[in-house]
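Please treat every number below as a calculation from the coordinates, not as lab data. All of these numbers come straight from a predicted model, not from anything done at the bench. Neighbour counts are summed over all protein chains in view; Cβ atoms, including those assigned to glycine, are modelled from backbone coordinates with ideal geometry.
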Amino acid sequence: MRELSLEYRLLMSSFNPPLDARLVGRALLEALADRYEAQHAHCALQVFEQSGATYLFDLASSAGLPQEDRTVAAWALTPPSVDERDTSYQRGFPMSPAEDDAPVDRGHLIPHLSGGEFGPNIFRQDRALNRGWSEQGKRYRALEREAASIPGTLFFGHLLYADETAYPSEIEIGLLSSAMLRVERFVNRPSR
């Protein structure tokens with residue numbers, strides 16, 4: 001298993017049971033914002049809510065930075081039900097091909113079944129990872145399905161970048177279940 005970007009266990013040790021998933025979600029974004037700011041001193045981080053998910057977004061263009069605007073992290077509580085996916089909107093969401101011609105999909109940081117929508121939730125994702133075709137992809141999809149199967153489950157995603165693009169090199173996803181936060185890290189740009 002790949003090393004995680006944060007000491008998630010240490011973060012979780014600061015909470016007393018019973019855990020409030022909303023407080024955990026806010027603490028996760030705060031810790032990930034601190035980490036990102038330490039690596040990208042001139043970022044322009046924004047926190048906002050969209051369709052039940054809370055996002056941490058670097059609006060670099062507002063600060064005149066030579067970096068693409070990009071989502072850093074997001075969390076949501078799996079809703080009891082979700083609307084049918086708007087596939088026509090997703091098909092129309094602009095996405096330039098990967099520079100190395102690696103097949104990519106329009107991945108959802110917060111899965112649709114956990115309440116994820118479009119816009120800042122969409123990112124360039126390795127096709128085998130997104131569709132569960134690789135060994136990593138099978139595990140990735142299993143975590144998404146587990147979070148979606150239990151309403152109220154906290155699911156979060158963290159995109160890690162190796163350059164100034166909005167194409168993450170790695171992804172961490174996690175879920176809070178049985179008062180335990182489980183997080184795994186996945187390679188999103190296998191050619192790197």
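Evaluating 6.51 cos²θ - 1.76 cosθ + 1.60 at θ = phi - 60° for every residue in region 15-29, the Karplus couplings come out as 9, 9, x, x, 6, 9, 4, 5, 5, 5, x, 5, 5, 4, 5 Hz, glycine and proline recorded as x. Around the Cα centre of the chain, unit charges on the Cβ atoms of Lys, Arg, Asp and Glu (plus for the first two, minus for the last two) sum to a dipole of about 560 debye.
Gain on full extension, evaluated as 0.36 nm per residue between LEU19 and ALA41 minus their Cα-Cα distance, stands at 4.7 nm. With a simple spin-label model that places each label point 7 Å from the Cα along the Cα-to-Cβ direction, the separation between LEU59 and ARG139 comes to 3.6 nm. The charge dipole of region 107-185, taken about its Cα centre with unit charges on the Cβ of Lys, Arg, Asp and Glu (plus for the first two, minus for the last two), comes to roughly 320 debye.
Net charge near ARG2: determine it from the other residues with C-beta under 12 Å of the C-beta of ARG2, scoring Lys and Arg +1 and Asp and Glu -1. Taking every Cβ under 12 Å from that of ARG2, the sum is -2.
Spin-label pair GLU164-ASP69: with each label point 7 Å from Cα along the Cα-Cβ axis, the two points sit 1.8 nm from one another. Among residues other than GLY132 with Cβ under 12 Å from its Cβ, the summed charge is +2 (Lys and Arg +1, Asp and Glu -1). Packing around the peptides 103-109, 62-68, 128-134, taken as the average count of other Cβ atoms within 10 Å per residue, puts them in this order, highest first: 103-109, 128-134, 62-68.
Of all the Cα-Cα pairs you can form in the chain, what percent are over 26 Å apart? In whole percent, the long-distance tail amounts to 27.
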